[in-house]
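The values are calculated or read from the model by the stated rules, or taken from the named source; none is laboratory data. Computed from a predicted model, the values in this text were never measured in an experiment. Every residue, glycine among them, receives a Cβ derived from its backbone with ideal geometry; neighbour counts consider all protein chains shown.
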């Protein structure tokens, strides 16, 4: 009898152990790790671990007993007890971490080999490799960030100018999310009131229709339009402005590119046809990123390679946001404009010639040799950009293409609701359009569902008493 009980107990212990191992493996799979610093050599490399088993996994690999909420110096050990690296381990307890989970950050020496070895040790201890953006995704799912802030993380990393970085920082602080939530909440209030009136006719709820509701919806629409107005600025700050320099051979196109870039990016030679392909360089002009393209000289030629270069130059002209056509002011120019909205630049004004008086007064006069006139050219380029896109040097967050699409749907749905009210349609039809507007606004931050409407209805109107 004791043997039978002992055998049963052994089986139970084995079953419990198997369940424990299975549950532990499930939690281990939810714990992710990755190198969070850029590849290559540096002073430090950081391996980040996040998830329910982060502390247990770190304890398996760290040479000292792990103390939560502390910064500790020690060694990372492999499964045989050998030293992988001397490190500093920083622990963050849930929810006070970037992801909202338990997080361990291991700061070691910044060589690619040793960083990879530390990561391998952590993975061997039970973590799995993180996917692209998975740490920030967890921060969103744990409500540490909304979608606009999550997108701002990458915008800040990829910012090409200080102005773009400031705009991304404002978005990371929640500037766009705050505006989007205001729009969504304002629509939610109208929807809740309207649906309460529809669903609970015996509760003596005012319909609040007519001029009052139209005024409210118009105010919401204006806020959405104001946010939409930042879309062109957002595109410029994130993607940059494409500027193509064109003109005849030896006009000074490559010299202008070098002047704007601040270094010798393109080969400059008195030999015509030196530039045979497009040359591109990213340049910061007063906080705005420009992708400047130097092109082959525009002329008729039988050289097959130069013909292809001219063809590429024409394609670059057609696709550019800004076209700068450079001409040699010491020579008469009979060429037609490359594009109607081009900026005409007269180069070599340091060499006095009668031909310079033949050019239009609004042409920008410069000397790539001396640098004269270049500040005026930069101002003219920026003015040209701002005429079509409201870019300013003041810090403000600017929406991206996803936000723009959502806000356009908000405006369309609000317009439809206002028209439906003007046509005195039933409240049910108006509510449908308002729900569409609310859902579109909620998509911007990633948070809006039916429960929000119910909470607002029951919380505001005391239905059921």
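Restricting attention to the range 426-438, the residues being free of Cβ contacts under 8 Å to residues at least 24 places away in the same chain and within 18 Å of residue 216 (Cα to Cα) number 3.
Yes/no per residue for (1) part of a helix (DSSP H, G or I); (2) without any contact (Cβ under 8 Å) to a residue 60 or more places away in the chain; (3) within 25 Å of the chain's Cα centre (by Cα):
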site	(1), (2), (3)
330	no, yes, no
356	yes, yes, no
380	yes, yes, no
386	yes, yes, yes
408	yes, no, yes
420	yes, yes, no
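Does at least one position in the range 174-192 carry a residue that is closer than 24 Å to residue 52 by Cβ and assigned to a helix (DSSP H, G or I)? For the range 174-192, residues closer than 24 Å to residue 52 by Cβ and assigned to a helix (DSSP H, G or I): absent. Checking the stated criteria, residue 60 turns out not to satisfy the condition of being assigned to a helix (DSSP H, G or I), under 36 Å from the mean Cα position of the chain (by Cα) and modelled with pLDDT of 85 or more. Number of residues in the range 300-329 that are in contact with a helix residue (DSSP H, G or I) (Cβ under 7 Å, 6 or more places away or on another chain) and modelled with pLDDT under 85 equals 1.
Restricting the search to the range 30-56, which residues are assigned to a helix (DSSP H, G or I) and surrounded by fewer than 24 Cβ atoms within 10 Å (Cβ to Cβ)? Within the range 30-56, 55, 56 qualify. Restricting attention to the range 112-123, does a residue exist that is under 30 Å from residue 445 (Cα atoms) and surrounded by 21 or more Cβ atoms within 10 Å (Cβ to Cβ)? Checked against the condition, which is being under 30 Å from residue 445 (Cα atoms) and surrounded by 21 or more Cβ atoms within 10 Å (Cβ to Cβ), the range 112-123 yields no hits at all.
Summed over the range 83-118, the residues that are touching a residue at least 40 places away in the same chain (Cβ under 8 Å), within 30 Å of residue 146 (Cβ to Cβ) and not in a loop (DSSP other than H, G, I, E, B) give a count of 5.
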